[in-house]
1. Residue-wise, which Karplus ³J(HN,Hα) couplings in Hz belong to region 273-286, taking 6.51 cos²θ - 1.76 cosθ + 1.60, θ = phi - 60°, and x for glycine or proline?
2. May I ask you to work out the translational diffusion coefficient for region 258-318 at 20 °C, viscosity 1.002 mPa s, via Stokes-Einstein with Rh from the Kirkwood sum over Cα pairs, reported in whole µm²/s?
3. Under the rule of -39500 (n - 2.57) per DSSP H run of 4 or more residues, summed and divided by the residues of the chain, what mean residue ellipticity at 222 nm is obtained, to the nearest 500 deg cm²/dmol?
4. Mind listing the phi-derived Karplus ³J(HN,Hα) values for region 255-272, rounded to whole Hz, using 6.51, -1.76 and 1.60 with θ = phi - 60°, and x for any glycine or proline?
5. Indicate the gyration tensor shape class of region 182-254 (rounded, prolate or oblate), computed on the Cα atoms with a ≥ b ≥ c the square roots of the eigenvalues: a/c under 1.5 is rounded; otherwise a/b larger than b/c is prolate and the rest oblate.
6. Convex hull over the Cα atoms of region 142-291, averaged projected area in nm²?
7. Determine ³J(HN,Hα), in whole Hz, for all residues of region 329-337 in sequence, where each value follows from phi through the Karplus function 6.51 cos²θ - 1.76 cosθ + 1.60 and θ = phi - 60°; x replaces Gly and Pro.
8. For the chain, restrict the atom set to alpha-carbon positions and state the Rg and Dmax in Å.
Amino acid sequence: MTSLENLNLQQTIEGMPLTFNPEPAAGVNASIQFNVTGGEPGFYYLTISNMECQYHEGKNDKPTLTITTPSEVWLSISHGKTSGQDALLQGLYTADGDINLLLKMDSLFGSVSNVSYIAPPDQRPPGPIALSGMGWLAVAFVPWIIHWSTFDIPGLSYWIKVGLPLLLSALIVAYRKIFDKPTFMELGGFGFFLISSGLCLIGIEGYGHWGSILSNITIGGLWLSSLIFRKTPLSAEYSKWGFIKALWNNSLFIYPNIVISLMWGWQYIFSTGLGISAIIFPENMIIFTIARYLLLIPAFIFTSVYQKRVPILNPRFNTDQLHSWAWIGLAIYSGLLLGVLIF
């Protein structure tokens, strides 16, 4: 877990709702604007309503309180190194508007240094099966792994290659729907195996040749599509259970999960390439097939290690850049899918 002492200014202000104490906020309906100068300039504001606090980027039209501060000063205050009132009296920052709200801020917000992002020990997806969120990610992969490991075995029935993954996917989706809700990956897997079963029953000849490649394109597309068309990256639907619920929609948590989901999407691009190579060069099929599935090992390791780094300090790439890579990956998948349909 990353030390909260090292958050940058934006992360610190975004993290303030995590330290929010709702009891002193009873009856408070206000907005606090931060106009930040210094080494990390920017505009941010917090809204307080119904004993809840939310973070926003930009400027509020009618703030209740406006704080103009160098980033270094507010970082020191937020980490409990400097008294907010003393800093104001010394002229280290200025405040305009409801000064009573300013005086209440020490009781409304604690120090980010005292916040733990780790979830309570008993927090997990609801239901009688006592699995963690990441445990359910492993379960969600089981139908795919069965499909990949059996699809190219000559003479093996499609009832095993596709029917068994369909059955397992249906059971996973049904369980999750009863006790919570299915994830994007679980729904996507069920849809893929349902369509695949239909193609097998119809007797589409090309599916027997390219079905494994289509599965790679599908699951990789799911990971990347979650970055473009969903509010929550696919991996976050599983890893969130390891963190406090107040963090689930916070960029401190969302950003590393964008990276993880992007990694999985591109991992399957390389996996698809190896699968196509195995078909084009059958004399080296075993080598390409083994390499294809060995790619899962570093992907799982990366997921396990990287998601524990919440929050990522001073990320190298912004979310727009990461989304651009997701679009590029989806374009590659579209080309691969077109190629499979043509050949």
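Every number in this text was worked out from the coordinates using simple rules, so none of it is lab data. Quick caveat, the model's predicted, so the values are computed rather than measured. Because the Cβ atoms are built from the backbone with ideal geometry, glycine has one as well, and the counts that use them run over all protein chains shown.
1. Per-residue couplings from phi come out as x, 5, x, 5, 4, 5, 6, 6, 10, x, 5, 10, 4, 4 Hz.
2. 164 µm²/s
3. -17500 deg cm²/dmol
4. Computed from phi, the couplings for region 255-272 are 4, x, 6, 4, 4, 4, 5, 5, 4, 5, x, 6, 4, 6, 5, 5, 4, 4 Hz.
5. Judged from the Cα gyration tensor, region 182-254 comes out prolate (a/c at least 1.5, a/b above b/c).
6. 9.7 nm²
7. x, 5, 5, 5, 4, 4, x, 5, 5
8. Answer for the chain, Rg first and Dmax second: 24.7, 82 Å.
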